[in-house]
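Report on the following structure.
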Amino acid sequence: MQYVMSSKWSLMPRFEITDASGAPQFEARGHLGSQITLHDTYGQEVADIRKHVFSDTHEVHIGGQQVAQVRHAGIFGDKYDIESAYGVINARGHFAGGDYALSREGMPVARMMRQFSLREKFAIDVSDDENQVFFLAVVLAIEAIHDERNQQAHQAGGFL
């Protein structure tokens, strides 16, 4: 299924996630650097992403259970490894440009592509036979880690 995730104007960071036709599906709330919650159209929390203390590892929780750990694995920001209840998943691509693919055992399962817009906007395509909430949460975790690494690099006067 194809989704479009775009930032919403509010006091607290929020991302609206719609289907390809623009119908609301989910909303992500929180700060990319600490905790993000994913809510369905009824406002019920369906997943949360938590930053692991003292590392850049983020944990994905669904139904109160930890289902994945997402961590940066490349030297230059070119890959992420996800250990999950759904198997080992790898994310590879051009993260600074917002274009990357997630695969399991070499088979593509999801893809994220940044779209040009006045607000932050992403297109996310998740294979229909995959857990949609899980992969949306994993993409949010990757974006949180990537954002955190960019902030650290800018504070140190470098870049990733």
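Assorted remarks:
- When the stretch 49-65 is filtered for residues that are modelled with pLDDT of 95 or more and more than 19 Å from residue 90 (Cβ to Cβ), the ones remaining, listed by number, are 61, 62, 65.
- Considering residues of the stretch 19-70 that are touching a Ser or Thr at 6+ places or on another chain (Cβ under 8 Å) and surrounded by fewer than 17 Cβ atoms within 10 Å (Cβ to Cβ) only, the residue farthest from residue 145 (Cα to Cα): 24
- Residue satisfying all of: in the stretch 4-28; among the charged types (D, E, K, R) and at pLDDT 90 or above; farthest from residue 141 (Cα to Cα) among these: 19
- Among the conditions (1) without any contact (Cβ under 8 Å) to a residue 60 or more places away in the chain; (2) within 17 Å of residue 137 (Cβ to Cβ); (3) touching a Gly at 6+ places or on another chain (Cβ under 9 Å), residue 51 misses just one, which is (1).
- The residue of the stretch 119-160 that is modelled with the lowest pLDDT, among those that are part of a helix (DSSP H, G or I) and exposed (fewer than 15 other Cβ atoms within 10 Å of the Cβ), is 154.
- Residue under evaluation residue 116, criteria (1) modelled with pLDDT of 95 or more; (2) more than 23 Å from residue 34 (Cα to Cα), criterion not met: (1)
- Subset of the stretch 71-91 [surrounded by fewer than 18 Cβ atoms within 10 Å (Cβ to Cβ) and either at pLDDT below 90 or out of contact with any strand residue (DSSP E or B) (no Cβ under 9 Å at 6 or more places or on another chain) (or both)]: 73, 74, 75, 76, 78, 79
The values are calculated or read from the model by the stated rules, or taken from the named source; none is laboratory data. Keep in mind the model is a prediction, meaning the values are calculated, not measured. Neighbour counts are summed over all protein chains in view; Cβ atoms, including those assigned to glycine, are modelled from backbone coordinates with ideal geometry.
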